[in-house]
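One structure below.
Derivation of every value follows stated rules applied to the coordinates shown; laboratory data play no part. Computed from a predicted model, the values in this text were never measured in an experiment. A quick note on method: Cβ atoms are made from the backbone with ideal geometry, for glycine too, and the neighbour counts reach across all protein chains shown.
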Amino acid sequence: MNLDGIVMTIDDLHPYHCAWGIRRWFHEHGLGFRDFLDNGIPAQRLYDTGDAFAIRLVERKVNGRQE
């Protein structure tokens, strides 16, 4: 899957999880939540966590699905 140039933002994650849960997930995975809020995060970085939730979110964005 080519994820070059794709950036995930809070708008991509929030429909599927509350802000508190997203913040906790970022902390658990050693990712900067504040930086994410300000700049987004490369989709590849989320995908590379190997986390099933993150992979589904990236795939939804790439495939244009709004579930």
Legend entry - Filter result for the condition that a residue is touching a helix residue (DSSP H, G or I) at 6+ places or on another chain (Cβ under 8 Å) and of a type outside the set (A, V, I, L, M), over Arg23, Arg34, Arg45: Arg23
Legend entry - Residue count for the range 29-67, restricted to those that are in contact with a Lys or Arg (Cβ under 8 Å, 6 or more places away or on another chain) and among the small types (Gly, Ala, Ser): 1
Inset, instruction - Residues being loosely packed, with under 15 Cβ neighbours inside 10 Å and assigned to a loop (DSSP other than H, G, I, E, B): count how many of those fall in the range 1-28. - result: 7
Inset, instruction - May I ask you to list the residues in the range 29-67 that are touching a Phe, Trp or Tyr at 6+ places or on another chain (Cβ under 9 Å) and of a type in the set (Gly, Ala, Ser)? - result: Gly32, Ala54
Inset, instruction - Would you point out which residue out of Phe53, Phe36 is touching a His at 6+ places or on another chain (Cβ under 9 Å), under 14 Å from Asp12 (Cα atoms) and assigned to a helix (DSSP H, G or I)? - result: Phe53
